[in-house]
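The values are calculated or read from the model by the stated rules, or taken from the named source; none is laboratory data. Note that the coordinates shown come from a computational prediction; the quantities given were computed from them, not determined experimentally. With ideal geometry, Cβ positions are generated from the backbone for all residues, glycine too; neighbour counts draw on all protein chains shown.
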Amino acid sequence: MMEQNHGGSIINISSIASVIGIKGLIAYSAAKAGINQLTRVMAVEWASKNIRVNAIPPGYFENIMSGANVKQTQPEKQQQIVTFTPMARRGKPEELIDPVVFLASDASSYLTETVLFVDSGYTAI
């Protein structure tokens, strides 16, 4: 982007684990929190090059990460997700499309360093 001198948009994918404590996710949470901060610093450093940098930390979605599927499908985990998610459901993968398209498009031309939680309000509780 810098070499072409046309600017652009970078969208990092983080996680709700970047701002809430989830048992057993020490390294994962630290890495995702690092992505949020990396997003902010890159945004500040590259704004003058017309490069926007934003992040999306998704909440719980129907497409469960490989490696997490055993715990994620347990009834008690399902109940926790429904209880603490204001919309009382997991997100659908296609519900991430519009936020990504928005951040990549000119519709968000004045947004940089935004960490846009797509989590049904999970992190608000």
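Residues in the range 22-33 that are modelled with pLDDT of 95 or more and either over 19 Å from Val118 (Cβ atoms) or among the hydrophobic types (A, V, I, L, M, F, W, C) (or both): Ile26, Ala27, Ala30, Ala31, Ala33.
Gln78 falls short on exactly one of the conditions (1) farther than 15 Å from Ile13 by Cα; (2) in contact with a strand residue (DSSP E or B) (Cβ under 8 Å, 6 or more places away or on another chain), and that condition is (2).
When the range 71-116 is filtered for residues that are farther than 30 Å from Glu45 by Cβ, outside any helix (DSSP H, G or I) and among the hydroxyl-bearing types (Ser, Thr, Tyr), the ones remaining, listed by number, are Thr73, Thr85.
With the structure loaded, tell me whether Ile35 is aliphatic (A, V, I, L, M), surrounded by 15 or more Cβ atoms within 10 Å (Cβ to Cβ) and under 16 Å from the mean Cα position of the chain (by Cα) or whether it fails that test. Spelling it out, Ile35 is indeed aliphatic (A, V, I, L, M), surrounded by 15 or more Cβ atoms within 10 Å (Cβ to Cβ) and under 16 Å from the mean Cα position of the chain (by Cα).
The number of residues in the range 38-52 that are hydroxyl-bearing (Ser, Thr, Tyr), surrounded by fewer than 15 Cβ atoms within 10 Å (Cβ to Cβ) and in contact (Cβ under 8 Å) with a residue 60 or more places away in the chain comes to 0.
Within the range 5-25, which residues are assigned to a strand (DSSP E or B) and surrounded by fewer than 16 Cβ atoms within 10 Å (Cβ to Cβ)? Within the range 5-25, Gly8, Ile13 qualify. For Ala55, state whether it is touching a residue at least 40 places away in the same chain (Cβ under 8 Å), of a type in the set (Gly, Ala, Ser), surrounded by 15 or more Cβ atoms within 10 Å (Cβ to Cβ) and in contact with an Asp or Glu (Cβ under 9 Å, 6 or more places away or on another chain). Taking the combined requirement at face value, the residue satisfies it. Scanning the range 66-105 for residues that are basic (Lys, Arg) and under 16 Å from Ile16 (Cβ atoms), which turns out modelled with the lowest pLDDT? Top of the filtered list is Lys71.
Against the definition (free of Cβ contacts under 8 Å to residues at least 24 places away in the same chain and within 20 Å of Ala124 (Cβ to Cβ)), how does Ala88 come out, yes or no? Answer is yes for this residue.
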